[in-house]
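**Student:** Before I ask anything, here is the structure I am working with.
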Amino acid sequence: MNSYRLSHAALAMGVAMLVACGRKDTSRTDSAAAADPADTVAEASATTPAPSSSPTTAPLAGDDIDRWQRGMAAELEAVHEAAAKLKSARTSEDTLSAMMAMHDIATAATGAKAAGVDEERYKLIRSDLSAAAGYLAPQIGGLDTTMLSAAQREEMRQGNEAQLKAMEDRVAPPVVEALRPRAAELRKQDLELVAARLKGSGM
């Protein structure tokens, strides 16, 4: 009888210990589960690089107007040199090489060097400022606005201003205002470069 009571008591004590251990393990598991999301966020933050802005694709600044002007002057000189080589070419290979040297892709490196920026940045400056100057001075190399009525000229002006507004993320309003008084001059220089490419290649 005493042996039965001892065995029964031992069994009861064992069950109680198992239950207690189970509760402790569950508590640890719950704590670990609660900590996991925070750990995951911390690990993700540590492994995810912060976004960085590229100077090549950054919005244009006022100084880029002068860079574009210097670049165009250097490109024009390069086109004239290529045109001279084309005239003195003796082989088809020399002719092709000179014609390729007049292309805007070929002269971009020369323009970038004069502008003091890398080639990709210069291409961006050249493209965006050329477009902006065209909207600001549409009368240069484009439609003869004197043939339009006052209402038509105003409609064109509003349309061009809307185009400039759409470019704000690349050419900010202060840059547009700095370009505005120089737009006609720079537009002429831009078109002179285009004409020199065509003339030099015999087109």
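Derivation of every value follows stated rules applied to the coordinates shown; laboratory data play no part. The structure displayed is predicted, hence computed values, not measured ones. Reconstructed Cβ throughout: ideal geometry from the backbone, glycine too, with neighbour counts over all protein chains shown.
**Student:** Taking the Cβ of residue 55 as the centre, find all other residues whose Cβ is under 9 Å away and add up their charges (Lys, Arg: +1; Asp, Glu: -1).
**Tutor:** Details: positive: 121; negative: 118.
With Lys, Arg at +1 and Asp, Glu at -1, the net is 0.
**Student:** Just subtract the alpha-carbon distance of residue 145 and residue 81 from 0.36 nm times their residue separation and send over the number in nm, one decimal.
**Tutor:** Additional length available on full extension: 19.5 nm.
**Student:** Right, something else. Can you order the peptides 69-81, 139-151 by their average number of other Cβ atoms within 10 Å per residue, highest first?
**Tutor:** For the peptides 69-81, 139-151, the packing ranking is 69-81, 139-151.
**Student:** What GluC sites (Glu not before Pro) in the range 98-196 are in a loop by DSSP, with at most 16 other Cβ atoms within 10 Å of the Cβ?
**Tutor:** Listed in order of number, the matching sites are 168.
**Student:** Moving to a separate point now. Looking at the range 73-175, which trypsin sites (Lys or Arg not before Pro) are DSSP coil and have at most 14 other C-beta atoms within 10 Å of their C-beta? List each step's numbers first, then the result.
**Tutor:** On the way: sites: 85, 87, 90, 113, 121, 123, 126, 153, 157, 165, 170; in loops: 90, 170.
Counting only loop positions with at most 14 other Cβ atoms within 10 Å, the trypsin sites (Lys or Arg not before Pro) in the range 73-175 are 90.
**Student:** Give me the lysines in straight-line cross-link reach of residue 85: C-alpha distance below 21 Å, same-chain residues under 8 apart excluded.
**Tutor:** 199
**Student:** Can you put 122, 135 in order of Cβ neighbours within 10 angstrom, beginning with the fewest?
**Tutor:** 135, 122
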